[in-house]
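Okay, so here's the structure we're looking at.
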């Protein structure tokens, strides 16, 4: 549901049509967050509104699937309230010669103080072809929506490609759609993410072709937005976002402009590609078993004064080495290349037992060499790190 997704990355929502993004979490993990903030909107270039909003988000990733529940409760400064929510899930088939399949489904809706309601239920199937750092997909599906006055049939198509680079990911998607034979159009969308140690940036630019929509008085055919999250700690961030958003033909939501500011409390950092696409990219990155571990042949953890632990990985042929664990809120942390093939990073880690993983050159997450491997609660493999 587009409304719920834009809200997730612009921190808050105060009206129909501010959800466009979903988050990404470490595979085989449960992740939760809650956003609190304020947003100013201008609907259809005629109506101004401001609101405070609360946005909880819960997601579970595992090796072959993902499920997410997302909602927003908005309180308008001029009085009135609005509530939206969506539940979605994707399942992936095993990969064979670079190909794998995906089945997705979502259901959601909204309700408002004036007793108006909307609803949506959609299903989609995709075929992905992917290499370690790029891929393409094609798919189609459909469903039904309720715009407050009646149910309407929706047919959807999709073709796209993505490319992964060290600091982020680019995704290009073209999506034809038909709504009850009354509106036929094609959306083209480019999404970009950029990640650093304490900063996540996401940007979107899109355009629409097709028949003019009778409930779009502005005739706007392009839109764009940017969201920036500055992480003070692995679980606390400040989020700012702004841009424009289009009319939603399936549920009749108007287009407009927005700017927002808020705070985010999360179990781990998330970026802004759609949830199923981000997991598809993670699936595509997975290499032949043993490849990543061969690139990293030694792992060490040395205790230093004042509660600092020096993490070291010997990976002489690597271009990038990352670690994550429950000591970092499962936020990936880049190691720094030093001499003789070593990658290191000093982190404050209190004495105790921790689960962690290692990744080399964007490949699959593996148990660091030399650590005891064990299964986590989702059936994945993690390494046991003991800090004395």
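The values are calculated or read from the model by the stated rules, or taken from the named source; none is laboratory data. For clarity, every value in this text was computed on a predicted model and none was experimentally measured. Positions of Cβ are backbone-derived with ideal geometry, glycine not excepted, and every protein chain shown enters the neighbour counts.
State yes or no: is residue 336 surrounded by fewer than 20 Cβ atoms within 10 Å (Cβ to Cβ) and either under 27 Å from the mean Cα position of the chain (by Cα) or in the same structural domain as residue 195 (by TED's automatic domain parsing) (or both)? Working first, answer last.
Working: surrounded by fewer than 20 Cβ atoms within 10 Å (Cβ to Cβ): yes; either under 27 Å from the mean Cα position of the chain (by Cα) or in the same structural domain as residue 195 (by TED's automatic domain parsing) (or both): yes.
When the stated conditions are applied, residue 336 passes them.
Yes/no matrix, rows are residues, columns are (1) touching a strand residue (DSSP E or B) at 6+ places or on another chain (Cβ under 7 Å); (2) surrounded by fewer than 18 Cβ atoms within 10 Å (Cβ to Cβ); (3) touching a residue at least 60 places away in the same chain (Cβ under 8 Å):
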{"site": "152", "(1), (2), (3)": "yes, no, yes"}
{"site": "163", "(1), (2), (3)": "yes, yes, no"}
{"site": "175", "(1), (2), (3)": "yes, no, no"}
{"site": "179", "(1), (2), (3)": "yes, no, yes"}
{"site": "188", "(1), (2), (3)": "yes, yes, no"}
{"site": "194", "(1), (2), (3)": "yes, yes, no"}
{"site": "204", "(1), (2), (3)": "yes, no, yes"}
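Condition first: more than 16 Å from residue 117 (Cβ to Cβ), out of contact with any strand residue (DSSP E or B) (no Cβ under 6 Å at 6 or more places or on another chain) and surrounded by 14 or more Cβ atoms within 10 Å (Cβ to Cβ). Now tell me which residues in segment 65-99 satisfy that. Break it down stepwise before answering.
From segment 65-99, those more than 16 Å from residue 117 (Cβ to Cβ) are 65-70, 75-79, 87-99; that's our starting set.
Pick out the ones that are also out of contact with any strand residue (DSSP E or B) (no Cβ under 6 Å at 6 or more places or on another chain) and you get 78-79, 94-97.
Hit for segment 65-99 is 95, nothing else.
Just to be sure before I move on: is residue 130 touching a residue at least 40 places away in the same chain (Cβ under 8 Å) and either farther than 30 Å from residue 75 by Cβ or crowded, with 18+ Cβ neighbours inside 10 Å (or both) in the structure I sent?
Working: touching a residue at least 40 places away in the same chain (Cβ under 8 Å): yes; either farther than 30 Å from residue 75 by Cβ or crowded, with 18+ Cβ neighbours inside 10 Å (or both): yes.
Answer is yes for this residue.
Go through segment 349-367 and give me each residue that's out of contact with any helix residue (DSSP H, G or I) (no Cβ under 9 Å at 6 or more places or on another chain) and either outside the structural domain of residue 299 (by TED's automatic domain parsing) or in a strand (DSSP E or B) (or both). Write out each step before concluding.
From segment 349-367, those out of contact with any helix residue (DSSP H, G or I) (no Cβ under 9 Å at 6 or more places or on another chain) are 351, 353, 357; that's our starting set.
The answer is 353, 357.
Please go through (1) under 22 Å from the mean Cα position of the chain (by Cα); (2) assigned to a strand (DSSP E or B); (3) at pLDDT below 95 for residue 48 and return the number of the only condition it doesn't satisfy.
So residue 48 meets the others, but not (1).
Which residue, of 142, 119, 109, 135, is closer than 27 Å to residue 185 by Cα, free of Cβ contacts under 8 Å to residues at least 24 places away in the same chain and touching a strand residue (DSSP E or B) at 6+ places or on another chain (Cβ under 6 Å)?
Numbers: 119 fails: free of Cβ contacts under 8 Å to residues at least 24 places away in the same chain; 109 fails: free of Cβ contacts under 8 Å to residues at least 24 places away in the same chain; 135 fails: free of Cβ contacts under 8 Å to residues at least 24 places away in the same chain.
When all the criteria are applied, what remains is 142.
Determine, yes or no, whether residue 345 is assigned to a strand (DSSP E or B), in contact (Cβ under 8 Å) with a residue 40 or more places away in the chain and outside the structural domain of residue 195 (by TED's automatic domain parsing). Spell out how you get there, then give the answer.
On the way: assigned to a strand (DSSP E or B): yes; in contact (Cβ under 8 Å) with a residue 40 or more places away in the chain: no; outside the structural domain of residue 195 (by TED's automatic domain parsing): yes.
For residue 345, the condition - assigned to a strand (DSSP E or B), in contact (Cβ under 8 Å) with a residue 40 or more places away in the chain and outside the structural domain of residue 195 (by TED's automatic domain parsing) - is not met.
With respect to residue 302, determine if the residue is surrounded by fewer than 17 Cβ atoms within 10 Å (Cβ to Cβ) and modelled with pLDDT of 85 or more. Before you say what the answer is, go through the steps one by one.
Numbers: surrounded by fewer than 17 Cβ atoms within 10 Å (Cβ to Cβ): yes; modelled with pLDDT of 85 or more: yes.
Yes; evaluated as a whole, the condition is true for this residue.
Do you know which residues across segment 347-365 are under 28 Å from the mean Cα position of the chain (by Cα) and within 21 Å of residue 234 (Cα to Cα)? Walk me through how you get there before you give the answer.
Of segment 347-365, the ones under 28 Å from the mean Cα position of the chain (by Cα) are 347-349, 354-365.
Passing the criteria: 347, 348, 349, 354, 355, 356, 357, 358, 359, 362, 365.
Can you name the residue in segment 100-127 that is in contact with a helix residue (DSSP H, G or I) (Cβ under 9 Å, 6 or more places away or on another chain) and over 18 Å from residue 179 (Cα atoms) and, of all such residues, is surrounded by the most Cβ atoms within 10 Å (Cβ to Cβ)?
It comes out as 110.
Report the residue count in segment 62-79 for those that are closer than 28 Å to residue 93 by Cα and touching a helix residue (DSSP H, G or I) at 6+ places or on another chain (Cβ under 6 Å).
At the first step, the residues of segment 62-79 found to be closer than 28 Å to residue 93 by Cα are 62-70.
Next, from what is left, pick out any that are touching a helix residue (DSSP H, G or I) at 6+ places or on another chain (Cβ under 6 Å): 66, 68, 70.
Looking only at that region, the number is 3.
Any residue at all in segment 368-382 that is assigned to a loop (DSSP other than H, G, I, E, B), touching a residue at least 24 places away in the same chain (Cβ under 8 Å) and in contact with a helix residue (DSSP H, G or I) (Cβ under 8 Å, 6 or more places away or on another chain)?
Yes, segment 368-382 has at least one match.
Looking only at segment 331-388, count every residue that is modelled with pLDDT of 85 or more and closer than 24 Å to residue 165 by Cα and tell me the total.
So the count comes out to 21.
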